[in-house]
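Shown next, in structure tokens, is the structure this report addresses.
Read-outs throughout are calculated quantities, based only on the coordinates presented, and are distinct from any laboratory measurement. Given the structure is predicted, the values throughout are model-derived calculations rather than measurements. Virtual Cβ from ideal backbone geometry, glycine too; neighbours counted across all protein chains shown.
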Ligand SMILES: [Zn+2]
């Protein structure tokens, strides 16, 4: 009898976790979040909306934009 209760609890937990993961996947799908771009300085992938844009290049932060600009000189 105790095993049956454990199985039921296990199944419920599995369903809850599965549901949570599915919701998370949907929220984090690239189509909903937007375009991914690459920082020209460190090559980190970031969202276009969170990136710093300079001419045709993207940067993960203002600091990397400035570092890349310094390297050019
Ligand atoms: Zn960077």
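Based on the alpha carbon coordinates of the range 34-73, what radius of gyration and maximum Cα-Cα distance (Dmax) apply, in Å?
Computed over the Cα atoms of the range 34-73, radius of gyration and Dmax are 9.4, 33 Å.
Mind ordering 57-69, 36-48 by average Cβ neighbours within 10 Å, highest first?
Output ranking for 57-69, 36-48: 57-69, 36-48.
Residues of the range 31-60 with the amide nitrogen closer than 11 Å to a label point 7 Å from the Cα of residue 69, along Cα-to-Cβ, please.
Taking a point 7 Å out along Cα→Cβ of residue 69, the residues of the range 31-60 whose backbone N falls under 11 Å are 54-55.
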